[in-house]
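Below you'll find the structure, written out as structure tokens, and then a few comments.
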Amino acid sequence: MARRPLVVGNWKMNGTRTSSQKLLADILAGLPDGCATDIGVCPPAIFIPEASAAVTGKLIRLGAQNVADQDQGAFTGEISASMLREFGCSLAIVGHSERRAIYGETDALVAARYAKAIAHGVTPILCVGETLEEREANATFAVIDRQLGAVLDLCGVESLQDAVIAYEPVWAIGTGRTASKEQAQEVHAYIRAQIAARNADVAAKVQILYGGSVKPDNAAELFGQPDVDGGLIGGASLDAQSFLAICLAA
Ligand code: 13P
């Protein structure tokens with residue numbers, strides 16, 4: 001498969017200034033030369049300037065955990081894509097299920113955030129995924145259609161040439177209950193097929209990451225699936241050795 005593997009750590013709201021500096025330093029120190037996997041980290045926003053200095057000239061990409069749906073102005077608490085660019089962020093997570101569920105982000109808002117990332121040359125990592133209730137109601141594909149559809153309607157399928165998708169089943173996030181490799185592959189293949197129906201070339205190229213309780217001991221089998229191109233890692237990305245082991249598995 002021509003797609004390069006990508007593993008991104010989502011640190012969420014964890015750590016201290018000192019611990020996050022150490023985590024990044026330990027990851028950088030442990031990266032093997034000529035690593036064939038693209039690697040990114042998304043620290044809490046306030047740690048981005050220091051992280052940016054630390055990764056300059058290194059093979060790690062820096063990302064944010066969210067990005068504003070506006071360019072500038074009276075939007076208290078938001079950080080624009082151009083601000084992220086200024087600090088060397090080339091990635092931004094959008095539509096994480098915690099943003100959707102806890103902070104009420106709608107499909108339309110997520111699509112608008114995605115659009116701003118694209119417009120400013122920041123690669124959005126669009127998170128999609130169903131809750132346990134939705135899976136048990138056989139609504140997984142309908143949820144994916146809705147979440148992906150909002151973005152494709154606003155930005156078009158070609159925008160995915162500059163984006164990454166992350167399938168993160170909500171029931172697998174932080175629960176220790178990972179999707180089986182078959183469950184992951186089924187949904188990843190579905191996502192790719194939906195994209196292929198609009199543009200086969202884009203579908204063949206877009207990286208689709210899996211997220212949800214990825215650990216060093218299950219990463220290889222998940223990443224071994226034909227449509228799984230890497231991972232978006234939460235808890236295990238807070239430990240340099242675990243994160244590096246997952247990167248190597250990719
Ligand atoms: P965990 O790896 O802790 O399950 O988190 C996954 C996630 O939400 C990454 O964005």
(Q) So Ile79 passes all but one of these: (1) of a type in the set (A, V, I, L, M, F, W, C); (2) in contact with a Gly (Cβ under 7 Å, 6 or more places away or on another chain); (3) farther than 27 Å from His188 by Cα. Which condition number does it fail? (A) (2)
Q.
Of everything in segment 12-26, what is within 16 Å of the ligand (Cβ to nearest atom) and either assigned to a helix (DSSP H, G or I) or in contact with a Cys (Cβ under 6 Å, 6 or more places away or on another chain) (or both)? Give them in sequence order.
A. Leu23
Q: Could you please let me know if Arg61 is open to solvent by 40 Å² or more (accessible area, probe 1.4 Å), touching a residue at least 24 places away in the same chain (Cβ under 8 Å), touching a strand residue (DSSP E or B) at 6+ places or on another chain (Cβ under 7 Å) and within 16 Å of the ligand (Cβ to nearest atom)?
A: yes
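Can Val67 be described as farther than 22 Å from Asn199 by Cα, more than 14 Å from the ligand (Cβ to nearest atom) and open to solvent by less than 10 Å² (accessible area, probe 1.4 Å)?
yes
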(Q) Which residue is surrounded by the most Cβ atoms within 10 Å (Cβ to Cβ), if the candidates are limited to segment 23-54 and must be aliphatic (A, V, I, L, M) and under 12 Å from Gly9 (Cβ atoms)? (A) Val41
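Matching residues to (1) open to solvent by 10 Å² or more (accessible area, probe 1.4 Å); (2) closer than 20 Å to Leu232 by Cβ; (3) at pLDDT 95 or above; (4) acidic (Asp, Glu):
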position: Glu78; (1), (2), (3), (4): yes, no, yes, yes
position: Ala81; (1), (2), (3), (4): no, yes, yes, no
position: Ala92; (1), (2), (3), (4): no, yes, yes, no
position: Ile102; (1), (2), (3), (4): yes, yes, yes, no
position: Ala117; (1), (2), (3), (4): no, yes, yes, no
position: Cys127; (1), (2), (3), (4): no, yes, yes, no
position: Gly156; (1), (2), (3), (4): yes, no, yes, no
position: Thr178; (1), (2), (3), (4): yes, yes, no, no
position: Gln183; (1), (2), (3), (4): yes, yes, yes, no
Q: Residues being under 26 Å from Tyr210 (Cα atoms) and free of Cβ contacts under 8 Å to residues at least 24 places away in the same chain: count how many of those fall in segment 70-99.
A: 0
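The values are calculated or read from the model by the stated rules, or taken from the named source; none is laboratory data. Please read all numbers here as calculations on a predicted model, not as lab measurements. As a convention, Cβ positions derive from the backbone with ideal geometry for all residues, glycine included, and neighbour counts pool all protein chains shown. These accessible areas exclude ligands, DNA and RNA; they are computed on the full protein's heavy atoms, side chains included. Shrake-Rupley method; radii C 1.70, N 1.55, O 1.52, S 1.80 Å.
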